[in-house]
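S.K.: For reference, the structure I am asking about is given below.
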Amino acid sequence: MTEPQKRKDQRVDTPLLVFLENARGVTRDTSASGAFFWTSGTYTPGQPISFAIELKTAGGRMMWKCKGAVVRTEPRDHMVGVAASITESTMEPA
């Protein structure tokens with residue numbers, strides 16, 4: 001029996017650049033309500049987080065600026081995987 005999906009939005013499995021306050025990273029997947037990305041640093045579930053994801057569109061580069069919370073982390077080697085919920089976001093030209 002397959003476990004039901006907790007996600008409410010469809011994920012897009014595409015590597016995109018992520019910009020955080022003191023680090024950069026790359027997404028594993030994104031959706032309208034959350035993102036999972038690999039980066040450096042220390043993050044704690046429940047911690048507020050702000051990040052921007054660079055999108056390349058037909059009209060040029062855009063920055064998807066997001067605010068939310070860390071849902072979980074996955075330490076691996078010298079990196080950490082961060083699953084973050086998105087509670088607020090805006091789209092701005094890069």
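Read the figures in this text as sums done on the coordinates, not as results from a lab. As the structure is a computational prediction, the values presented were derived from the model and not from experiment. Neighbour counts run over all protein chains shown; Cβ positions are idealised from the backbone, glycine included.
S.K.: With +1 assigned to the C-beta of every Lys and Arg and -1 to the C-beta of every Asp and Glu, and no other charges, what is the dipole magnitude of the chain about the Cα centre in debye, to the nearest 20?
M.R.: Charge dipole of the chain: 80 debye, to the nearest 20.
S.K.: Then there's this: Over the stretch 17-93, what is the percentage of antiparallel beta bridges among all DSSP beta bridges, to the nearest 5?
M.R.: Values: 40 of 40 bridges.
Taking every DSSP beta bridge with both residues in the stretch 17-93, the antiparallel ones total about 100 percent.
S.K.: What is the distance, in nm, between label points placed 7 Å from the Cα along the Cα-to-Cβ direction at VAL70 and at VAL26?
M.R.: Simple spin-label model gives 2.2 nm for this pair.
S.K.: Could you list PHE36, PHE51, PHE19 so that the one with the fewest beta carbons within 10 Å of its beta carbon is first and the one with the most is last?
M.R.: Working: PHE36 18, PHE51 24, PHE19 15.
The fewest-first ordering by Cβ neighbours comes to PHE19, PHE36, PHE51.
S.K.: So what is the relative contact order of the chain, in percent, for Cα pairs below 8 Å that sit 6 or more residues apart? Don't jump to the answer; show the numbers that get you there.
M.R.: Details: 217 pairs, mean separation 22.8, N = 94.
Reported as a whole number, the value is 24 percent.
S.K.: Which ³J(HN,Hα) values, rounded to whole Hz and listed in residue order, are derived for the stretch 51-60 from phi using the Karplus coefficients 6.51, -1.76 and 1.60 in 6.51 cos²θ - 1.76 cosθ + 1.60 with θ = phi - 60°, glycine and proline given as x?
M.R.: 7, 10, 10, 7, 10, 9, 10, 4, x, x
S.K.: Right, here's the next one. At a 10 Å Cβ-Cβ cut-off, how would you order LYS56, LYS65, fewest neighbours first?
M.R.: Sorted ascending by nearby Cβ count, the order is LYS56, LYS65.
S.K.: Sticking with this structure for a sec: Using a Gaussian network model on the chain with a 10 Å cutoff between Cα atoms, which of ALA58, ALA83, ALA69 fluctuates the most?
M.R.: Looking only at ALA58, ALA83, ALA69, the largest GNM fluctuation is found for ALA58.
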